[in-house]
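Trainee: Quick one: structure below, then a few questions.
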Number of protein chains: 2
Amino acid sequence: MNKYSKQTRFLLAVDCIIFGFDGESLKLLLIKRGFNPEKDKWSLMGGFVQDSESLDQAANRILKQLTGLEGVYLEQMYSFGETTRDPIERTISVSYFALIDIHKYEQQISSEFHAEWVPLERIPKLIFDHQDMVEMARGRIKYKAALHPILFELLPSRFTLPQLQNLYESVFNTSIDKRNFSKRVLATGLLIKLTDKDKAGSKRGAYYYQLDKDKYYANFQAFVNIIPNPDSLQN
Amino acid sequence: MNKYSKQTRFLLAVDCIIFGFDGESLKLLLIKRGFNPEKDKWSLMGGFVQDSESLDQAANRILKQLTGLEGVYLEQMYSFGETTRDPIERTISVSYFALIDIHKYEQQISSEFHAEWVPLERIPKLIFDHQDMVEMARGRIKYKAALHPILFELLPSRFTLPQLQNLYESVFNTSIDKRNFSKRVLATGLLIKLTDKDKAGSKRGAYYYQLDKDKYYANFQAFVNIIPNPDSLQN
DNA sequence: ACAAAAGTGTTTCGAATACACCCATGT
DNA sequence: ACATGGGTGTATTCGAAACACTTTTGT
């Protein structure tokens, strides 16, 4: 007995907006499609939802397919359902955004996706409505990062304050006084100062810090406003 | 030529979490299902997405079906896609939350939905995962209202400061000093003081205010934090 | 006259900001 | 010795919070 038999069924896709940070600038992981439609055009990584999996599972599967990574920060963003967004057949796309430590990214064996890290300032034209998704994701990461400590997900487990500040400055496209920055960020109580230094960036070296995971998970919901004058935030 | 022919298609629903405020408490508009499955159980208002409409259009249609209202505040919230969330057939639900002026609500002719306004403290058991949707919506309205002036959508076009304060106190389940409240809320510059008073609530009467629509739309994205200590916010 | 709700102002406190010098080290 | 980036403290400002009395009017 199928009570819903008169209803239309739809294709369902998941598309991932994958952020990474290389110490210089914020980047997205894009692929060059190796298949039709829109072969050889740039696109977000995505795939169809399978019969047996939830949306979250689909997103995790697709992320792993491309990056080899599991257990990364992944959050559902928005569902796109314009009737003509996919010219071949109507498809609803549930978009997810992911934050990964760019250094953990492993080129997958097949490299069948021709993935590339592209700085946000140089995103090429993308297929379908993927541009809109990227726009929304840029707004969302700013919005959320202004209030919650999510940007740590983009850094390796040990990082320095100058690195962290660079990251915030990239995301918000602003510059921050380093004295005030360190005060605010240390005042969260989320950071543990380590005893050794990163000598890569300077002669003197900068102390490594790591996240206090317990406090991180406990305080994640709390407002942690690190950005001065967080005005022009989207959404 | 259908390149996607091997993929599974899914039922797609839209479910609406509809908030209203009657001056006393925050309420949800729920329906008692008049059809199977789960006939006579409480549920959110929802419906299947049609072939010809976008997700937003579907949500607006469903909202209008129940309330008779158009042009109300309606925002996509989250998509629920657990494989077994609907026992009859797998259905993905895109949830929307709506804020409406409860006084504009018109019982629709058919009253085929047996709708009722239910205070948030007395939400009955709901079908499927609608409980989860309501929980998420409660978190979301707090979160967003702590930062943006969305609660005006719940009030009539003319309202008094005591009414507005009641609303904030209901949503955040707290009490606010009325002197500080009026300072903060007037400091936003979003309110226009009218010359006449609402004599219903008291002998002296309270001045009516209305939203400065232009400033409202212009400043919507800006942070407008009216709530003291907005800590325990979800999401 | 009094009860009930509306309206209003000042002081205090804490957080955010602006701002400048010394330190460590590789060259 | 010097150039480069790392690290730290204080004074000021501004906004948030605490707090109490007067006004109006229907009864």
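Trainee: Right, A:GLY23: away from chain B (no Cβ under 14 Å), out of contact with any strand residue (DSSP E or B) (no Cβ under 7 Å at 6 or more places or on another chain) and either farther than 21 Å from B:VAL49 by Cβ or in a helix (DSSP H, G or I) (or both) or not?
Mentor: In short, yes.
Trainee: Out of all the residues in region A:175-204, which are out of contact with any Asp or Glu (no Cβ under 6 Å at 6 or more places or on another chain), open to solvent by 60 Å² or more (accessible area, probe 1.4 Å) and in a loop (DSSP other than H, G, I, E, B)?
Mentor: The answer is A:LYS199, A:ALA200, A:GLY201, A:LYS203, A:ARG204.
Trainee: Now for a different question. Please find, among A:ARG184, A:ARG179, the residue that is at pLDDT 95 or above and in the same structural domain as A:TYR217 (by TED's automatic domain parsing).
Mentor: Of A:ARG184, A:ARG179, the one residue that is at pLDDT 95 or above and in the same structural domain as A:TYR217 (by TED's automatic domain parsing) is A:ARG179.
Trainee: If you check A:PRO124 against the conditions, is it in contact with a Phe, Trp or Tyr (Cβ under 8 Å, 6 or more places away or on another chain), modelled with pLDDT of 95 or more and closer than 27 Å to A:GLU153 by Cα? Before the answer, list the steps.
Mentor: Numbers: in contact with a Phe, Trp or Tyr (Cβ under 8 Å, 6 or more places away or on another chain): yes; modelled with pLDDT of 95 or more: yes; closer than 27 Å to A:GLU153 by Cα: yes.
Judged against the criteria, A:PRO124 is a match.
Trainee: Which ones in region A:57-83 are at pLDDT 95 or above and over 15 Å from the mean Cα position of the chain (by Cα)?
Mentor: A:GLN57, A:ALA58, A:ARG61, A:SER79, A:PHE80, A:GLY81, A:GLU82, A:THR83
Trainee: Might you check whether a residue that is assigned to a loop (DSSP other than H, G, I, E, B) and within 16 Å of DNA strand D (Cβ to nearest atom) occurs anywhere in region B:150-164?
Mentor: No; the residues of region B:150-164 include none that is assigned to a loop (DSSP other than H, G, I, E, B) and within 16 Å of DNA strand D (Cβ to nearest atom).
Trainee: Looking at (1) under 23 Å from the mean Cα position of the chain (by Cα); (2) at pLDDT 95 or above; (3) hydroxyl-bearing (Ser, Thr, Tyr), can you tell me which one B:TYR207 breaks?
Mentor: Against the list (1) under 23 Å from the mean Cα position of the chain (by Cα); (2) at pLDDT 95 or above; (3) hydroxyl-bearing (Ser, Thr, Tyr), B:TYR207 comes up short only on (1).
Trainee: So, B:GLU70, is that one closer than 24 Å to A:SER79 by Cα and either open to solvent by less than 30 Å² (accessible area, probe 1.4 Å) or of a type in the set (A, V, I, L, M, F, W, C) (or both) or not?
Mentor: On the way: closer than 24 Å to A:SER79 by Cα: yes; either open to solvent by less than 30 Å² (accessible area, probe 1.4 Å) or of a type in the set (A, V, I, L, M, F, W, C) (or both): no.
It is false that B:GLU70 is closer than 24 Å to A:SER79 by Cα and either open to solvent by less than 30 Å² (accessible area, probe 1.4 Å) or of a type in the set (A, V, I, L, M, F, W, C) (or both).
Trainee: What are the residues in region B:68-113 that are touching a strand residue (DSSP E or B) at 6+ places or on another chain (Cβ under 6 Å), among the aliphatic types (A, V, I, L, M) and more than 19 Å from B:LEU155 (Cβ to Cβ), if any?
Mentor: B:MET77, B:ILE92, B:VAL94 - these are the residues of region B:68-113 that are touching a strand residue (DSSP E or B) at 6+ places or on another chain (Cβ under 6 Å), among the aliphatic types (A, V, I, L, M) and more than 19 Å from B:LEU155 (Cβ to Cβ).
Trainee: Now for a different question. Does any residue of region A:42-55 turn out to be of a type in the set (A, V, I, L, M, F, W, C), in contact with a strand residue (DSSP E or B) (Cβ under 7 Å, 6 or more places away or on another chain), more than 14 Å from A:TYR96 (Cα to Cα) and away from every other protein chain (no Cβ under 14 Å)? Walk me through it before giving the result.
Mentor: Residues of region A:42-55 that are of a type in the set (A, V, I, L, M, F, W, C), as a first pass: A:42, A:44-45, A:48-49, A:55.
Next, from what is left, pick out any that are in contact with a strand residue (DSSP E or B) (Cβ under 7 Å, 6 or more places away or on another chain): A:42, A:44-45, A:48-49, A:55.
Still in the list and also more than 14 Å from A:TYR96 (Cα to Cα): A:42.
Now narrow it down to the ones that are away from every other protein chain (no Cβ under 14 Å): A:42.
The answer is yes, given that some residue of region A:42-55 is of a type in the set (A, V, I, L, M, F, W, C), in contact with a strand residue (DSSP E or B) (Cβ under 7 Å, 6 or more places away or on another chain), more than 14 Å from A:TYR96 (Cα to Cα) and away from every other protein chain (no Cβ under 14 Å).
Trainee: If you go through region A:26-41, how many residues are in a loop (DSSP other than H, G, I, E, B) and away from chain B (no Cβ under 14 Å)?
Mentor: Of the residues in region A:26-41, 2 are in a loop (DSSP other than H, G, I, E, B) and away from chain B (no Cβ under 14 Å).
Trainee: If you don't mind, there's one more thing I want to ask. Test B:LEU12 against the criterion of being more than 30 Å from B:LEU164 (Cβ to Cβ), surrounded by 23 or more Cβ atoms within 10 Å (Cβ to Cβ) and within 14 Å of another protein chain (Cβ to nearest Cβ), and give yes or no.
Mentor: Considered against the rule, which asks whether it is more than 30 Å from B:LEU164 (Cβ to Cβ), surrounded by 23 or more Cβ atoms within 10 Å (Cβ to Cβ) and within 14 Å of another protein chain (Cβ to nearest Cβ), B:LEU12 comes out as yes.
Trainee: Could you give me the residue pairs with C-beta distances under 8 Å whose first residue belongs to region B:162-188 and is away from chain A (no Cβ under 14 Å) and of a type in the set (Lys, Arg), whose second residue is within 13 Å of DNA strand C (Cβ to nearest atom) and in a helix (DSSP H, G or I) wherever it lies, and which are 6+ apart or on separate chains?
Mentor: Note: pairs meeting the criteria are B:LYS178/B:LEU161; B:LYS178/B:PRO162; B:LYS178/B:GLN165.
The values are calculated or read from the model by the stated rules, or taken from the named source; none is laboratory data. The structure displayed is predicted, hence computed values, not measured ones. Heads up, the Cβs are rebuilt from the backbone with ideal geometry, glycines too, and the neighbour counts pull from every protein chain shown. Please note that ligands, DNA and RNA were not included when accessible areas were found on the heavy atoms of the full protein model with its side chains. Shrake-Rupley method; radii C 1.70, N 1.55, O 1.52, S 1.80 Å.
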